[in-house]
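Step one of this worksheet: look at the structure below.
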Amino acid sequence: MDTILVENRKNLKRNKIIRTIRYSDEVSRYDVKKITAYSMTTVLNVINELIQKKILIEEECTSVKSGRKPTWLRINPDGEFFYWS
């Protein structure tokens, strides 16, 4: 029973992160953390997993800003297909 609850929580977090990225024009890992209110560890772990599964891709920021340039996250149009209702 506990395993099912843990998996359900992981799936909910994963789906919320995917939706956040899908409906945002330019979103970085830090932006995902702010929007979802998840810990940075959770955000990093989920995003790394989604990149490994080729569901997400990273895109370099081309705009000139002071400081460190963010890496934008995008849904991979050639990645795995998934469905949620």
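Pairs under 7 Å by beta carbon, first residue of a type outside the set (K, R) in the range 1-24, partner in a loop (DSSP other than H, G, I, E, B) and surrounded by 15 or more Cβ atoms within 10 Å (Cβ to Cβ), six or more apart or different chains?
T20/V27; I21/V27
Take the range 17-40 and flag every residue that is within 10 Å of the chain's Cα centre (by Cα) and among the aliphatic types (A, V, I, L, M).
Answer for the range 17-40, where residues must be within 10 Å of the chain's Cα centre (by Cα) and among the aliphatic types (A, V, I, L, M): I17, I18, I21, V27, V32.
Which condition does I21 not pass, out of (1) closer than 21 Å to D78 by Cβ; (2) modelled with pLDDT under 95, if it passes all the others?
Tallying (1) closer than 21 Å to D78 by Cβ; (2) modelled with pLDDT under 95, I21 fails exactly one: (2).
For residues in the range 41-60 being without any contact (Cβ under 8 Å) to a residue 24 or more places away in the chain and more than 11 Å from the chain's Cα centre (by Cα), which is surrounded by the most Cβ atoms within 10 Å (Cβ to Cβ)?
Going through the qualifying residues, I end up with E59.
Collect the residues in the range 28-40 that are surrounded by 14 or more Cβ atoms within 10 Å (Cβ to Cβ) and touching a helix residue (DSSP H, G or I) at 6+ places or on another chain (Cβ under 9 Å), keeping them in residue-number order.
R29, D31, V32, K33, I35, T36, Y38, listed by residue number.
Please enumerate the residues belonging to the range 1-44 that are aromatic (F, W, Y) and in contact with a Lys or Arg (Cβ under 8 Å, 6 or more places away or on another chain).
Y38, the sole residue that qualifies.
Does T42 satisfy being β-branched (V, I, T), in a loop (DSSP other than H, G, I, E, B) and at negative phi?
Considered against the rule, which asks whether it is β-branched (V, I, T), in a loop (DSSP other than H, G, I, E, B) and at negative phi, T42 comes out as no.
The values are calculated or read from the model by the stated rules, or taken from the named source; none is laboratory data. Bear in mind that the values here come from a model prediction, so they are computed numbers and not experimental data. Every residue, glycine as well, gets a Cβ built from its backbone with ideal geometry; the counts of neighbours run over all protein chains shown.
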